[in-house]
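Reading through the structure tokens given below for one structure.
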Amino acid sequence: MKAAQVIMETGTKAAALAVKSARVDVVPGYPITPQTSIMEAIAAMVENGELNARFIPVEGEHSVLAAAVAASATGARVFTATSANGLLYMHEVLHMASGGRLPVVMCNVNRGIFAPWTLWADHQDSFAQRDTGWIQYHCSSNQEVFNTILQAFRVAEQINIPVMVNFDGFAISHCLMPLTIPPQEDIDRFLPPHEPEWRLDPAHPSSFSNVTMAAEYAPFRQMLSDDIMASIPLVKQAAQEYQDITGMWDGDTIDTYRLEDAEVVAFAVNSMAAELRLSVDILREQGVKAGLLRPRLYLPFPTEDIIDALPQNAQVMVLDRNYNFGHPGGILASELKSVLYGRRNDITVKNRVIGIGGIDLTRRFMADEIRAMMDE
Amino acid sequence: MTTSIKKLPDIELVLSGNGACGGCPATMALRIVGKALGPNAIMLLTPSCSVASMGMTPKLGYNWPCINITFATAGSSSSGITHAVEIMKEKGRLQGELPTVFAWVGDGGTYDIGFQALSAAAERNDNFIFFCYNNEAYSNTGVQRSGATPRGAFTTTTPTGKRQPKKNMAQLMLEHNIPYVATATVAYPGDLYDKVVKAKNTPGMKYIEILAPCYLGWQFDMPDTVQMSRMAVRSGAWLLWEAENGKISFNNPSSLIINGKKGAAPVDEYVMKQGRFNRLLKSPDAASRIAEIQGDINRTIDFMRERAKITI
Ligand SMILES: Cc1ncc(C[n+]2csc(CCOP(=O)(O)OP(=O)(O)O)c2C)c(N)n1
Ligand code: SF4
Ligand SMILES: [Mg+2]
């Protein structure tokens, strides 16, 4: 058996290497900071023959996703990546991908959206796509980005729903971290070739998304809604089998740290959640029984796993890196409150919006923030 | 020589019982295209009359695999399909001959909202045929103006007649340096057929624009579609030409107009036959506005005659 390879790589390179490991067929792309280096790395791998795929340098993100959707409908395994305004520009086609039940996998490297103009991370971009029918992972390390892209392809192709893999600009995308690349035969075992049930095939002429009357349209939409919920066991299974094969584990729908006996629970996604582990340690040293619950899956929202995992009478401190405009606070907090309502009345939810536009989130700052919230 | 209509293959890819209006020029043109392409093709459409009339899920009136995709993206989506079939073939996952990939798009999806994606696909020279069936308006949404609507035409958004001339879209595509550009129209089916066959056998990006006189938008009698198409050509309002690797040649009868062997018919008769223009006659400045229509036609004829001389 070949051994895994350990290298130092950035988050964007980790994503590109996962695309190579997944033996992707088609990658349409367009640059936007901080995602650009994923596309550059893939274009280079295609040029030098490392990746046997087509890179299509289209003229904008709306076209990126349209080319991705069309290639996927043709039966290819398709990947792309974007950030912020690129993701917003895709909005119409995001719906086309999910409604069309096309298993495209896309990285969104989280970045604040303009106006005003910013380059740095927050989570307004991915959360603003909540209702587009995509499964959404949020990752907290370079390794998790790599692992999740492979899991995402598996889940997407099992249930025919596109998957977005989110991670923070700069803190993940541009930072070097150790990265373990499992042997290719292990990955091939985990992720079999894509064999769609249906594709655009002249031997079997059929229509795709022509006019559909309500009697057919409504069941299509219901099926999409049901299947998004039904992806949760597949997400868990993918994480489990990935661990069985590679030995690596990032959590499944959620990831927890020192949670069992926690009285104060930090609740956040992406790189800030990695840093929050250290905040939890600081708080523990200060005598606060702190823990962490990180939803790895934002959509479908892992309701049951969160409800099962939260200790009795915990105070949950939701740290949102986004705004829920028209409501106080952030989006994660409202999602959490809505699933706890009537089921876990013992839980108190508190919320802060922090880290907008890339404001640095250090372990100390967040530990202090949580302490301050305890007194509110 | 142009293939005679009697010699066109019997195969029908447009099935009977679709939802188009009687005398629909788009459907008529698609039928000829089908005869040239045959069944081994993948069709991409954007929201338009041709989608509204292709049949309702799960039925399909065109005998190809068809995808209706976001309005602005015919160019990029077709590239997606083309690259997908090519790489799958290379990897041994597709057997047999590569299918022809073609986009079938209205003038709205070509001149306006889809222009960016089309231009980029042409610049990349991706291997597919982009057909624009040009009925000179957004017909599916009830006849609004597009960049293809000629000056003087009434639409629901040009209630006193359009004030601007149309774009010369086929020429714009020519300036993208793609291997094949052609114009056609339904009154000349053999000419259309030959051009599609040529496009099918040319690698790279091909653009074919088909003038499609639509009785609803142009306001003439439904059975007169073909006659209107012929009048458009005879008046020089539509020029039949093709360009292989940038070299333009004009096709009959437009070639006669271009080389001066036969004058273009005055536009008046063409205008009078169409409600979208003849309403201008009621306006106080009728004469000058019809002169503008004639002026636009003359200018395009003169321009294309000169443009064809550039062969570098
Ligand atoms: C993004 C978007 N904007 C608007 C529409 C509405 N729409 C559907 S068909 C159409 C007109 C199509 O015009 P054209 O491409 O010329 O085709 P035709 O209807 O004339 O056959 C419009 C505006 C749409 N489907 N998508
Ligand atoms: S409105 Fe015109 S283009 Fe549309 S289906 Fe009817 S005849 Fe054809
Ligand atoms: Mg039109």
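In the stretch B:57-84, whose amide N lies under 20 Å from the spot 7 Å out along Cα-to-Cβ of A:Asp226? List them in ranges. Those under the cut-off are B:58.
A simple spin-label model places pseudo-atoms 7 Å from Cα toward Cβ; at A:Asp346 and B:Ile11 they are separated by 7.1 nm. Phi angles across the stretch A:198-209 convert, under the Karplus curve 6.51 cos²θ - 1.76 cosθ + 1.60 with θ = phi - 60°, into 3J(HN,Hα) values of 9, 7, 5, 9, x, 6, 9, x, 8, 9, 10, 6 Hz, Gly and Pro given as x.
Residues of the stretch A:1-39 that bury at least 10 Å² of accessible area once all protein chains are present, compared with their chain alone (1.4 Å probe, heavy atoms only, ligands and nucleic acids left out), are A:Asp25, A:Val26.
If only the Cβ of Lys and Arg carry +1 and only the Cβ of Asp and Glu carry -1, the dipole of the protein assembly as shown around its Cα centre is close to 2660 debye.
Summed over both chains, the area buried between B and A is near 3300 Å², taken from the accessible surface of protein heavy atoms with a 1.4 Å probe.
Distance distribution P(r), the stretch B:41-139, all Cα-Cα pairs, bin width 10 angstrom from 0: 16, 47, 30, 7, 0 percent. With just the Cα atoms defining each centre, how far is the stretch A:34-105 from the stretch B:34-105? Give it in Å. For the stretch A:34-105 versus the stretch B:34-105, the Cα centre distance is 19 Å.
Rounded to the nearest 20, the size of the Cβ-charge dipole of the stretch A:250-376 about its Cα centre is 220 debye, with Lys and Arg at +1 and Asp and Glu at -1.
Using the Cβ-Cβ distance between B:Ser255 and A:Leu176 with R0 set to 56 Å, the FRET efficiency works out to roughly 0.30. Taking all protein chains into account, the per residue accessible area for chain B stands at 39 Å² (1.4 Å probe).
Seen from B:Ala84, the other residues with C-beta closer than 12 Å to its C-beta sum to a net charge of +1, counting Lys and Arg as +1 and Asp and Glu as -1. Computed from backbone phi, the HN-Hα couplings of the stretch B:221-229 come to 6, 3, x, 8, 3, 5, 4, 5, 4 Hz, rounded to whole numbers (Karplus: 6.51 cos²θ - 1.76 cosθ + 1.60, θ = phi - 60°; Gly and Pro given as x).
Amide H contacts for A:Asn110 (H built 1.01 Å from N in the peptide plane; partners 5 or more residues away or on another chain; cut-off under 5 Å): A:Phe167, A:Asp168, A:Gly169. Segment A:Tyr217..A:Glu47, full-extension length gain: 57.0 nm, with 0.36 nm per residue of separation and the alpha-carbon distance subtracted. For chain A, a simple Cβ point-charge model (Lys and Arg +1, Asp and Glu -1, everything else neutral) yields a dipole of about 240 debye relative to the Cα centre. The reciprocal of the average 1/r between distinct C-alpha atoms defines the Kirkwood hydrodynamic radius, which for chain A equals 21.0 Å. Between B:Leu172 and B:Thr157, the distance separating the two model label sites (each 7 Å from Cα on the Cα→Cβ line) works out to 1.4 nm. Peptide B:55-68 is shielded by partner chain Cβ atoms: per residue, an average of 6 of them sit within 10 Å of its Cβ. Spin-label model, B:Arg299/A:Met8: points 7 Å from Cα along the beta carbon direction are separated by 6.4 nm.
Given the pairs B:Lys166/B:Lys273; B:Lys195/B:Lys309; B:Lys261/B:Lys309; B:Lys162/B:Lys195, which are separated by over 23 angstrom at their Cα positions?
B:Lys162/B:Lys195
For a straight C-alpha distance cut-off of 19 angstrom, the aspartates and glutamates reachable from A:Lys289 (same-chain residues fewer than eight places away being disregarded) are A:Asp255, A:Glu260, A:Asp261, A:Glu263, A:Glu275, A:Asp281, A:Asp308, A:Asp346, A:Asp368, A:Glu369, A:Asp375, A:Glu376.
Taking all protein chains together and a 1.4 Å probe, the residues A:His91, A:His62 rank A:His91, A:His62 from largest to smallest accessible area.
Here's how it looks for B:Tyr207: its modeled amide H is under 5 Å from those of B:Phe130, B:Tyr180, B:Val181, B:Ala182, which are all 5 or more places away or on a different chain.
Here the stretch A:107-228 exposes an accessible surface that is 61 percent carbon and sulfur, computed with a 1.4 Å probe and the other protein chains kept in place. Note on B:Ser288/B:Met222: beta-carbon distance plugged into 1/(1 + (r/R0)^6) with R0 of 35 Å gives a FRET efficiency of 0.65. Coupling constants for the stretch B:81-95 follow from the phi torsions by the Karplus curve (6.51 cos²θ - 1.76 cosθ + 1.60, θ = phi - 60°), and in residue order they are 5, 4, 5, 5, 5, 5, 6, 5, 5, 4, 8, x, 8, 10, 9 Hz; glycine and proline get x. Pair-distance distribution of chain B: all C-alpha pairs, bin width 20 Å, starting at 0; shares per bin in whole percent are 34, 59, 7, 0.
In terms of the mean number of neighbouring beta-carbon atoms within 10 Å, the peptides A:316-324, A:38-46 order highest first as A:316-324, A:38-46. Using a 1.4 angstrom probe on heavy atoms only, work out the carbon and sulfur share of the accessible area of chain B in %. The computed percentage sits at 55. With no solvent and one point per C-alpha, what does the Debye sum give as log10 I(q)/I(0) for the stretch A:248-326 at q = 0.15, 0.16, 0.25 Å⁻¹? The calculated log intensity ratios at q = 0.15, 0.16, 0.25 Å⁻¹ are -0.50, -0.57, -1.26. Taking Lys and Arg as +1 and Asp and Glu as -1, the other residues whose beta-carbon sits under 14 Å from that of B:Arg299 total +1.
For the residue pairs B:Lys59/B:Lys200; B:Lys6/B:Lys91; A:Lys13/B:Lys91, alpha carbon separations beyond 32 Å are given by B:Lys6/B:Lys91. Taken residue by residue and averaged, Cβ atoms of other chains lying within 10 Å of the Cβ of A:72-81 number 5. Between B:Ile42 and B:Thr100, B:Val101, B:Phe102, the built amide H atoms are under 5 Å apart, and every one of these is 5 or more places off in sequence or on another chain. The length gained on full extension between A:Met374 and A:Gln158, counted as 0.36 nm times the residue separation minus their Cα-Cα distance, comes to 73.4 nm. Positive contributions from Lys and Arg (+1) and negative ones from Asp and Glu (-1), summed over other residues with Cβ under 15 Å from the Cβ of B:Ser53, come out at +2.
Projecting the Cα positions of A:Met177, A:Gly247, B:Gly236 onto the charge dipole of the protein assembly as shown (unit charges on Cβ atoms of Lys, Arg, Asp and Glu, taken about the Cα centre) puts B:Gly236 furthest along the positive direction. Using helices alone, I'd like the mean residue ellipticity at 222 nm for the protein assembly as shown: each DSSP H run of four-plus residues gives -39500 (n - 2.57), total over residue count, nearest 500. When only DSSP H runs of four or more count, the value is -12000 deg cm²/dmol.
Where a ≥ b ≥ c are the square roots of the eigenvalues of the C-alpha gyration tensor, would you call the stretch A:156-311 rounded, which needs a/c under 1.5, or, failing that, prolate if a/b is larger than b/c, or oblate?
It is prolate, given that a/c is not under 1.5 and a/b is the larger ratio.
Here the relative contact order of chain B, from alpha carbon pairs under 8 Å that lie six or more residues apart, stands at 16 percent.
The mean sequence distance of close C-alpha pairs (under 8 Å, at least 6 residues apart), as a share of the length of the stretch A:254-374, puts its relative contact order at 30 percent. Assign one of three labels to the stretch A:287-376, namely rounded, prolate or oblate, based on the Cα gyration tensor with a ≥ b ≥ c the square roots of its eigenvalues; rounded applies when a/c is under 1.5, prolate when it is not and a/b is larger than b/c, and oblate otherwise. The shape class here is oblate. Atom-type composition of the exposed protein surface of the stretch A:239-368 places 46 percent of the accessible area on carbon and sulfur (1.4 angstrom probe).
For chain A, what is the accessible area per residue in Å² when the probe is 1.4 Å? If you can, show how the numbers build up before the last one.
On the way: 14270 Å² over 376 residues.
Value for chain A: 38 Å² per residue.
Accessible area of A:Thr180 (1.4 Å probe, protein heavy atoms only, ligands and nucleic acids ignored): about 40 Å².
Normalising the Debye intensity of the protein assembly as shown to I(0), with uniform scatterers on Cα atoms only, and taking log10 at q = 0.05, 0.11 Å⁻¹ returns -0.29, -1.05.
The values are calculated or read from the model by the stated rules, or taken from the named source; none is laboratory data. Since we're looking at a predicted model, the values are computed, not measured. Neighbour counts are summed over all protein chains in view; Cβ atoms, including those assigned to glycine, are modelled from backbone coordinates with ideal geometry. With ligands, DNA and RNA removed, areas are computed over all heavy atoms of the protein, side chains included. Shrake-Rupley method; radii C 1.70, N 1.55, O 1.52, S 1.80 Å.
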